[in-house]
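Structure first, then comments.
What follows draws every value from the coordinates through simple rules; no lab data is involved. This is a predicted model, so every value here is computed, not measured. Counting neighbours? That spans all protein chains shown, and the Cβs are built from the backbone with ideal geometry, glycine included.
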Amino acid sequence: MHQLPDAVQHDFLSDPAFRISLDDCEPGRGRTVIMAPLGPDGYNRCVVLKPRLEKCSAAFVRYIVAHELAHAWLHNGGWGEITDREEAADAVAASWGYAKVPYE
């Protein structure tokens, strides 16, 4: 978080609908994720990270976390003229210094 632009950090930390959670998944038993309450726009800004990221390269993990934070920052929408949500999240993450990295 501390490597994100100051305005983005402030946006996240001042929003009670923002949260980072770990996906607690047990095969055969389901999953538990603690989500923030819905914000005034009817959405939450919860970033859910999967435990399997522990087995990935550090560069891939940084990219995935930045990509997911970008979704939250964009309220899962577009960015400028980029209307595709995935492309927008990739573009924002790259603008923060976390270009897309292949899965390793």
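Worth a mention:
- Built amide H within the under 5 Å cut-off of residue 21, gap 5+: 47, 48, 49
- At least 30 Å along the helix axis (C-alpha) and Kyte average at least -0.5, DSSP helices within the chain: none
- GNM remark for the chain: springs join alpha carbons under 10 Å apart, and the peak mean-square fluctuation among 58, 72, 94 falls on 58.
- Helical content alone sets the calculated 222 nm signal of the chain at -10500 deg cm²/dmol, taking -39,500 (n - 2.57) per DSSP H segment of four or more residues and averaging over every residue.
- For residue 44, the residues 5 or more places off, or on other chains, whose built amide H falls under 5 Å of its own are 39.
- Within the listed set 40, 51, 16, the residue fluctuating most in the Gaussian network model of the chain (springs between alpha-carbon atoms under 10 angstrom) is 40.
- Selection of GluC sites (Glu not before Pro), the stretch 39-99, meeting DSSP coil and at most 13 other Cβ within 10 Å: 81
- For the chain, the relative contact order comes to 22 percent (Cα pairs under 8 Å, sequence separation of at least 6).
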